[in-house]
Amino acid sequence: MDKVILLAGTANPRLATAIAQQLNIPLGASVVERFPDGEISVELLESVRQKAVFIVQSTSPPVNDHLVELMVIVDACRRAAASRITAIVPYFGYARADKRHGWREPITASMVAEVLQTVGINHVVTLDLHTPQIEGFFHIPVDSLTAVPILCEALRHRLPSGFVVVSPDTGRVQMAIQYAQQLNSSVVVLLKHRKSSSETEVTCVVGDVSDRPCLIIDDMISTGGTIARSIEALLKAGAHPEMIIAATHGLFVKKARAQLSHPSVQAIFVTDTIAPKETDWQQLHVVSIAPLIAAAIQQFKTDDSINKVC
């Protein structure tokens, strides 16, 4: 690994440190500062010339700040003659803006992909993209890993007997099937109608949840509104009041904790793709994806198949 440099942005330095420990290498020395007007300054404190650089930076809230910071670090590496720049973006912001809903709207996920390529990134590694077609917005290699196996291992001994895996909408059905296959369960799907960018309504429960505990899965939890509506719909359909929630990305913005503080919620499992802000939430369990990303970096360095770690 002597030709590898692992750099950390400020979005999730703890995750970057954990990845470095897994790889048994030190984090690359750099300084990221902000001027009083909010502009970002980056200085690399060691040479990256002709080295493979891996930059760990989720574009988590504040999304725009962390996105620009990633681009500035990449530009510094490119100008310092790095041989190859891989962006490790555990959480890819703007992923939900993957299509237009009207004639006068942007496809922001596509725009972000174009910008990241233009600034000099050669390869992107991310986890559980909101929609698979985002890979098609890039003209460089994209590896979307999944945290489902890691979360399943954490969940396996916490799930009550007879539980069912619940997909909160049709877009998460494939992910729900992955959970169900690994946990030996069945899948129930909720059909929902989106009233606005932050409010949804469950219109139908497809499958039998009568007197059964539920594992509600999703790729991300933002405000918690979708999960809260899902809980209400499941209880109304006769589900057992024993719910466990699992999601790869825990943003927990606005009043998410209040939304999820339902007496039926026994536990919430997320990964550390986003630095956890809640430190006193008894129901919240954070599972590290550092071993997964470190294994992927090892595969890249040996030119081996990424399928071995997915």
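Here, each number is a calculation from the coordinates, and none is a lab measurement. If you're wondering where the values come from, they're calculated on a predicted model, not measured in any experiment. Quick reminder, even Gly has a Cβ in these numbers, built from the backbone with ideal geometry, and neighbours come from all protein chains shown.
Specify the angular offset, from 0 to 90 degrees and rounded to the nearest 10, of the alpha carbon long axis of helix 225-236 from the longest principal axis of the alpha carbons in the chain.
Computed tilt is about 20 degrees.
In what sequence do MET111, MET71 fall when counting other Cβ within 10 Å, fewest first?
Ranked by crowding around the Cβ, least crowded first: MET111, MET71.
Using only alpha carbons, build the gyration tensor for the chain and give me the equivalent ellipsoid semi-axes, biggest first, whole Å.
36, 21, 18
Any of LYS51/LYS301; LYS99/LYS255; LYS192/LYS236 with alpha carbons more than 19 Å apart? Name them for me.
Beyond 19 Å: LYS99/LYS255.
Take the alpha carbon atoms of region 218-296, find their center, do the same for region 138-193, and report the distance between the two centers in whole angstrom.
With region 218-296 and region 138-193 each reduced to a Cα centre, they are spaced 13 Å.
Hey, fewest Cβ within 10 Å first, where do ASP75, ASP280, ASP128 land in order?
ASP280, ASP75, ASP128
222 nm [θ] for the chain, helices only, -39500 (n - 2.57) per DSSP H run of 4+, per residue, to 500?
-8500 deg cm²/dmol
Within a Cβ distance under 10 Å of GLY238, other residues only, what is the Lys/Arg minus Asp/Glu net charge?
Charge balance near GLY238 sits at 0.
Considering only ILE231, ILE107, ILE55, give the residue with the highest GNM mean-square fluctuation for the chain, with springs between Cα atoms whenever their separation is below 10 Å.
Residue with maximal mean-square fluctuation among ILE231, ILE107, ILE55: ILE107.
Taking a ≥ b ≥ c as the square roots of the eigenvalues of the Cα gyration tensor of region 1-123, is the shape rounded (a/c under 1.5), prolate (a/b larger than b/c) or oblate?
In terms of gyration-tensor shape, prolate.
Scan around ILE274 for amide H atoms under 5 Å from its own, H built in the peptide plane at 1.01 Å from N, and keep only partners 5 or more places away or cross-chain.
Here the answer is GLY250, since their amide H atoms fall under 5 Å of that of ILE274.
What angle do you read, to the nearest 10 degrees and between 0 and 90, between the alpha-carbon axis of helix 63-79 and the longest principal axis of the chain?
30 degrees
Please label the shape of region 148-287 as rounded, prolate or oblate, based on the square roots a ≥ b ≥ c of the eigenvalues of the alpha-carbon gyration tensor (a/c under 1.5 means rounded; beyond that, a/b larger than b/c means prolate, else oblate).
Note, shape of region 148-287 comes out rounded.
Specify the angular offset, from 0 to 90 degrees and rounded to the nearest 10, of the alpha carbon long axis of helix 108-119 from the longest principal axis of the alpha carbons in the chain.
Rounded to the nearest ten degrees, it is 20.
Can you pull out the trypsin sites (Lys or Arg not before Pro) in region 1-67 whose DSSP state is coil and whose Cβ has at most 13 other Cβ atoms within 10 Å?
LYS3, ARG49
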